[in-house]
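Here the structure comes first, spelled out in structure tokens, and everything after it is commentary.
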């Protein structure tokens with residue numbers, strides 16, 4: 001008899017297998033044949049799975065589980081002591097996109113020193129922020145200008161640009177985009193060349209969304225150099 005316990009045991013063996021391909025297939029099977037009994041194990045693996053593609057498949061599997069069961073458990077994982085678990089919960093919630101998620105995102109998530117948490121927090125916050133919080137969120141996101149490497153900087157720029165699509169980002173009296181003005185102010189006032197370059201690149205992305213995100217050449221070199229210097233020795 002193929003009991004729930006048997007299915008969970010089989011899934012656990014698959015998700016903990018040394019082979020990435022086996023783990024990927026196990027996660028895919030859990031999403032193809034959903035069962036609320038799988039949720040706890042899938043979330044547990046989100047916090048420890050080393051492979052990006054398997055983690056993404058775990059997210060896919062989770063969003064195919066019964067929503068009423070998976071969302072509350074994802075909320076619990078937002079407070080996990082493990083950065084990867086928090087980040088993966090945010091990433092999964094961003095795929096679900098329920099407006100109630102906004103109440104669960106904290107400043108600790110947005111300003112988390114670990115990119116694995118902060119980057120998905122920016123993305124999901126920009127997607128679900130209510131109109132009356134758009135400018136507040138923009139202010140918080142702009143505090144992160146200049147942080148980390150090129151990929152994280154691009155993610156932040158995209159989150160900021162998403163906010164400019166909201167009516168609340170525009171001044172009714174002048175017809176101007178408030179967030180554009182905020183970015184221009186950063187460019188004019190900051191003494192940090194990396195922050196300035198990031199703000200300029202974000203402005204360029206806002207003004208021409210079809211162009212790739214790109215820092216000035218000199219700043220891109222500085223970002224790359226900083227990333228190498230910060231990387232642990234092997």
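Tally up the residues in the range 53-71 that are without any contact (Cβ under 8 Å) to a residue 24 or more places away in the chain and closer than 11 Å to residue 42 by Cα, please.
Count: 0.
Test residue 13 against the stated conditions and say whether it is free of Cβ contacts under 8 Å to residues at least 60 places away in the same chain, assigned to a helix (DSSP H, G or I) and more than 23 Å from the chain's Cα centre (by Cα). In short, yes.
Exactly one residue out of 184, 180, 140 is under 18 Å from residue 118 (Cβ atoms), surrounded by fewer than 19 Cβ atoms within 10 Å (Cβ to Cβ) and at pLDDT 95 or above, and it is 140. The condition of being assigned by TED's automatic domain parsing to the domain that holds residue 203, on the phi < 0 side of the Ramachandran plot, out of contact with any strand residue (DSSP E or B) (no Cβ under 9 Å at 6 or more places or on another chain) and in contact (Cβ under 8 Å) with a residue 12 or more places away in the chain holds for only one of 163, 74, that being 163. The requirement of being in contact with a helix residue (DSSP H, G or I) (Cβ under 6 Å, 6 or more places away or on another chain), closer than 27 Å to residue 57 by Cβ and in the same structural domain as residue 194 (by TED's automatic domain parsing) is not satisfied by residue 109.
The values are calculated or read from the model by the stated rules, or taken from the named source; none is laboratory data. Owing to the predicted nature of the structure, the values given are computational and were not obtained by experimental measurement. Cβ: placed from backbone, ideal geometry, glycine included. Neighbour counts: every protein chain shown.
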